[in-house]
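The values are calculated or read from the model by the stated rules, or taken from the named source; none is laboratory data. What you are looking at is a predicted structure, and each value in this text was computed from that prediction instead of being measured. For neighbour counting, all protein chains shown are included, and Cβ atoms are generated from backbone atoms with ideal geometry for every residue, glycine included.
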C-alpha cells in the first residue's frame, strides 16, 4: 500500500512539475518576440521534457508495481485515450522545441536576433494547444481510476 501511495505521489508531482514548466513557457512567450528571454525559455522547455520523462517513468511504475494489475489499465479504453493524449502532446511539443533551439542558435550567432512575430505566434499557438490537450488527461485519469470503461 505504501509503495502504491509513493508511486502515485511521484506521478502527481511529476505531472504538476510538467504543467508548471509548460505554463512557464507560456508566460515567458507572453513577453513578445522582441523581449523574449531565450535562455529562460530554453530552460523551461528542457525542464518540461525532463518532467515528461518523469511522468512517463512514474506512470510505468504505477502500472507495473502499483495496487492495480496491468490488466486493469490495458483493459480500459480510457487508459488508451489518456496515453494517446500524452503521446499527442509529446508530438505537438516537438514543433516549439525545434523552433526554440533554432532561436537559441540564432541568438548565439547574432546578439540582436529576435524571432519574427509570425514565428513567435506559431510557437505560442503550439504551446497553447499543448496546454489544452494536457487539461484533458486528468479527466480520463479520474474516469479510469473509477473503472469507468473497464472491460476486463
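Just to be sure, is residue 116 loosely packed, with under 14 Cβ neighbours inside 10 Å and farther than 30 Å from residue 5 by Cα?
Judged against the criteria, residue 116 is a match.
Would you call residue 136 free of Cβ contacts under 8 Å to residues at least 60 places away in the same chain, surrounded by fewer than 17 Cβ atoms within 10 Å (Cβ to Cβ), closer than 24 Å to residue 11 by Cα and in contact with a helix residue (DSSP H, G or I) (Cβ under 7 Å, 6 or more places away or on another chain)?
So residue 136 passes the test.
Give the residues of region 1-34 that are in contact (Cβ under 8 Å) with a residue 40 or more places away in the chain, more than 30 Å from residue 107 (Cβ to Cβ) and loosely packed, with under 13 Cβ neighbours inside 10 Å, sorted by residue number.
Hits for region 1-34 are 1, 3.
Would you point out which residue out of 128, 144 is touching a helix residue (DSSP H, G or I) at 6+ places or on another chain (Cβ under 8 Å) and at pLDDT 95 or above?
Residue meeting the stated conditions: 128.
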